[in-house]
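Here the structure is laid out as structure tokens; the discussion comes afterwards.
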């Protein structure tokens, strides 16, 4: 725990250093594509009295380089072939650097796989002097009982979601409140250590330093949910290539995240198997002719599927669009049913608003929103990422919602556990820092 | 046995940059490296090559002489040649002097005539008050001279006669007084510094002009008016013009200076004094004039 705490703190420091240099790269390691954006920070924007700012407070950074490359060696959102992934990362980073004409050293990465698992934590402390101080916040966070999430897993996000003082709850910032008892709820997201280690190794091999790491379900929620959805309760379904991330937001905090290890690539592979075509052809057919609702018109729309066999009969094959939809639909339904099951487990139907936002590359299948409405509930919409300054037109589609979310995450990271001070009790007994800390708290 | 199709076609190239090229690319994007390669390195190579080339003394000499010859070629173009000098406003001897002072032989390139030095040299001539030099189109060196106007003659201690202008600046030496009978004469130590004062007095003494021989500065503080027949009018240090006017009035009323008076002493204005000449004194005393006696003893 302390080890991770330290490494997350180190990443935060790295991020601060990158902010000072003004250039940071974000890297979305997905199953079907690897996207790299280079951000330039122009320093904090001047504060206005009403607390508003241009572009919803996102004007302090600008995308100066963007590159996408086909992902290699990634399966289910996890790195499978290290050397291949490293090459793909190199391609994306170099292209983005070339566009930005600046060298980047710090990178914030996200990935969708690695079995994310959510835990709700609760902690409670008695207040010594009847008023919540900064030290009390640190203490209550330290008092949260960490569940046994097993070996080989690591904490990715640990965000305080709610504070309660005595019987009053729903505080975002409890400092200064008067009471006797401070309670905190925290959302903990753990992932497989191996996946993080692999990603770390790849990034290190590219001479970059990791300045932060995030779950792609979380960041695509940041980018594609609008503010009131985040406030009132919504689920973001990020349908990627190899994994579908689910994150639930309420009161502007993520309270749950999971992923289904299925995505658009599985649809493609179904098509490839069903029609006996190469993977690349199947991908092309899916993107051009794909759909999930068959109509009478689709019976007559014949698709040349071809083949590279040299056999005339095989190379002249044609299928109707209905057949194609017949292959795609079961898989999409399966994914959505898995999502439904996860949402049920998470207790999504207890939220006041049950908005569902579909985003990610696979959400571009025509008719998906109607199918999702049948399975997930009526409040379904397709989400595109927020617009940020300087983002090329090609990178504004739903496939880039986690990249854009990472930009927002880089600009305004939410306070996590490791951003709070360590309470003095946690330091080793004879540590000098403990003494310093004690002096700080008591003067 | 081998696969019918290779996994990757022959023309396939990995789109990913190699590790080396990726690193070099990042190195090239480093600002310091970039600046060094684009500015520092070329500058260094240039400096090195120029330095190596100029290391040999013969090459340096060639370079310098080539430069000098090109410079001379340009300077000797007919457009820059000065063929004659024209002097305006100078009298004959001064003009001849200026001509003799020209440092170069005409025709010469205008680059080789240092107008400033030449102008300073001409201004050194006493007779020249101001000089204006320029090179006119057509290769003419135009010299506009303003000469000093002599206003007074100054007999120096060694007996030489110098012409001075109204400000007391020397104009020229005069060989004979008869050459300029129109100018008054002053003498005495320090007289050349008080020319303006002398000129004022001369202007005031105009009624005495036919008899006036000159003025002598006594003790560097006051003037003596010297008339013919060795008559002197001693003027005071202060109020000399008033004293002179008084003498002139006396002369007009009493015909003072026509009498045998050796000295009219006006130094004390409460008590103007006259010294009689030897003959008058003898007459006054009823004695015969002793011709052997020297006056004033």
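The values are calculated or read from the model by the stated rules, or taken from the named source; none is laboratory data. Note that this is a predicted model, so its numbers are computed, not measured. When we count neighbours, we look across all protein chains shown, and the Cβ atoms used for this are built from the backbone with ideal geometry, even at glycine.
Out of B:183, B:199, one residue alone is touching a residue at least 24 places away in the same chain (Cβ under 8 Å), closer than 20 Å to residue B:127 by Cβ, in a loop (DSSP other than H, G, I, E, B) and out of contact with any helix residue (DSSP H, G or I) (no Cβ under 7 Å at 6 or more places or on another chain). It is B:183.
For the residues A:125, A:140, A:107, the requirement of being buried (at least 18 other Cβ atoms within 10 Å of the Cβ) and modelled with pLDDT of 90 or more singles out A:107. Of all residues in the range B:248-291, those being without any contact (Cβ under 8 Å) to a residue 40 or more places away in the chain, out of contact with any helix residue (DSSP H, G or I) (no Cβ under 7 Å at 6 or more places or on another chain), in a helix (DSSP H, G or I) and closer than 17 Å to residue B:212 by Cα number 2. Taking the criterion of being exposed (fewer than 11 other Cβ atoms within 10 Å of the Cβ), within 14 Å of another protein chain (Cβ to nearest Cβ) and not in a loop (DSSP other than H, G, I, E, B), would at least one residue in the range B:10-20 satisfy it? Yes, because at least one residue in the range B:10-20 is exposed (fewer than 11 other Cβ atoms within 10 Å of the Cβ), within 14 Å of another protein chain (Cβ to nearest Cβ) and not in a loop (DSSP other than H, G, I, E, B).
Checking A:250, A:246 one by one, the residue that is out of contact with any helix residue (DSSP H, G or I) (no Cβ under 6 Å at 6 or more places or on another chain) and buried (at least 19 other Cβ atoms within 10 Å of the Cβ) is A:250 and no other.
Filtered by the rule that a residue be surrounded by fewer than 23 Cβ atoms within 10 Å (Cβ to Cβ) and either at positive phi or more than 9 Å from chain B (Cβ to nearest Cβ) (or both), the range A:81-94 gives A:81, A:82, A:83. Looking only at residues in the range B:73-95 that are within 26 Å of residue B:128 (Cβ to Cβ) and in a loop (DSSP other than H, G, I, E, B), the one that is farthest from the chain's Cα centre (by Cα) is B:83. Among the residues of the range A:413-430, are any farther than 30 Å from residue A:127 by Cα and not in a loop (DSSP other than H, G, I, E, B)? No: zero hits. The single residue among A:271, A:203 that is touching a residue at least 40 places away in the same chain (Cβ under 8 Å), within 14 Å of another protein chain (Cβ to nearest Cβ) and not in a strand (DSSP E or B) turns out to be A:203.
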